[in-house]
Amino acid sequence: MNITARTSVAGVIGHPVTHSLSPVIHNAGFASLGVDWVYIALDLAPNRAQECLVGMRALGIRGLSVTMPHKTDMAHLVDEISPQARRLMSVNTLSLGIDGRITGESTDGDGLVSSLQAVGISPAERSVVMFGAGGAARSVADALLRHGCAHLDIVNRTLAAALVICDYAPDRCAAQSTNDQAAVAAAMQRGDLIINATSIGMGQPATDSTAIPFDPALLRPDQVVVDLVYHPLETALLHCAAAVGCTTVDGLGMLIHQAALQQQLWTGQFPDVQAMARAARAALDGSTSQAPQ
C-alpha cells in the first residue's frame, strides 16, 4: 500500500472498534480494485455523530462505515438518505459527495442476500424464521422481503420489537415470542431458511449446546441455517445444524458482501469479494478475540 497526499481516506466509526475486521476487509478490497484508497478504524464515542459529520466534511473523508452505537443517530443527521435506510431508520454507510453533502445508506441486508446468492441460495419463495429483532435483523428482514421470501417469522424475546418488523409486510410476516415454545416450534416446522440475528453464540465454543437461540431438536436436514455471528466461524448453532444434515452458512459472508457494496457506492467499482474473504479469514485465524464491525 503506497499512501500519498492524494490517497482517499475511508474508515469505520463505532465504539469500540479496536478489534474490527473492517480495515482488513476493505483494504483488501481497495487493493483488488487498484484504487488509491486507504481504510482505517476510528473510535467514536456515543452521542458524537453530529461532530463526526462536521469532521468528515472538513477533512474530506470520502466514506465511512457506521456501526454501533451510531446507526440510528446517523439516519437522523445525514443530508440525504436512501429510501431503504429511511425505512429502517438505520445507516451503515456514509458517502461524501463532491458538493459536500453526506448521503446515508444501508447495505447490511443486501449483504446477507448477496452472501446467500454467492453460495447458490436464493431467499425467493422461502419460508424464513429469524431469531432476533435488532438493527441487523431489521435490515435483513427488509432485504429478504424485497427479494421475495414467501413468509417471515420473527422470533424475539420482546414481542413489540418483532411486531415493528412485521409492519414492513404485514401479509407475509408474523411475530413470535421466544417464551411461546409452541409458536416457535410451529414456525420452525414451516421454515426452510433459519437465521440467527442475535449475538447468542458469539465467542462461545461450537460444542456449547446452550449457546443456541432455540431447541436444536427443531432442526430438519432440509433446512438452510445461517448464523450472523462470525466469531467463531463455526458457532454452536452451525455445529448442531451440520450434525443434523442442514446446509450451513456462517456470518463472515454478510460482513464481506456488505463491505463490497459499500465500496461500490464509494468508488463506482465492485471489489473482489474472494480477496476480501481470504484477508478476513487470515485475520481471524491469527486472532482469538475479533469482534463484529
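The values are calculated or read from the model by the stated rules, or taken from the named source; none is laboratory data. What you are looking at is a predicted structure, and each value in this text was computed from that prediction instead of being measured. We place every Cβ from the backbone using ideal geometry, glycine too, and count neighbours over all the protein chains shown. These accessible areas exclude ligands, DNA and RNA; they are computed on the full protein's heavy atoms, side chains included. Shrake-Rupley method; radii C 1.70, N 1.55, O 1.52, S 1.80 Å.
Of all positions in region 172-195, none carries a residue that is β-branched (V, I, T) and touching a helix residue (DSSP H, G or I) at 6+ places or on another chain (Cβ under 6 Å). Go through region 108-133 and report how many residues are surrounded by fewer than 16 Cβ atoms within 10 Å (Cβ to Cβ) and either basic (K, R) or within 12 Å of the chain's Cα centre (by Cα) (or both). Here the count works out to 0.
Based on what the data block shows, is A236 modelled with pLDDT of 95 or more and open to solvent by less than 40 Å² (accessible area, probe 1.4 Å)? Yes.
Residues of region 133-170 that are touching a Lys or Arg at 6+ places or on another chain (Cβ under 9 Å) and farther than 18 Å from R87 by Cα: C149, A150, H151, D153.
Sub-6 Å Cβ pairs linking a first residue in region 36-47 that is within 16 Å of S95 (Cα to Cα) to a second residue that is surrounded by fewer than 18 Cβ atoms within 10 Å (Cβ to Cβ) and at pLDDT below 95, at least 6 apart or interchain, are V38/I3, ordered by first then second residue. Here A124, A136 are screened, and the one residue that is closer than 24 Å to A160 by Cα and in contact (Cβ under 8 Å) with a residue 12 or more places away in the chain is A136. The combined condition, being touching an Asp or Glu at 6+ places or on another chain (Cβ under 6 Å) and either open to solvent by less than 30 Å² (accessible area, probe 1.4 Å) or free of Cβ contacts under 8 Å to residues at least 60 places away in the same chain (or both), is fulfilled by G251. Scanning region 254-269 for residues that are surrounded by fewer than 21 Cβ atoms within 10 Å (Cβ to Cβ), polar (S, T, N, Q) and touching a residue at least 24 places away in the same chain (Cβ under 8 Å) yields T267, Q269.
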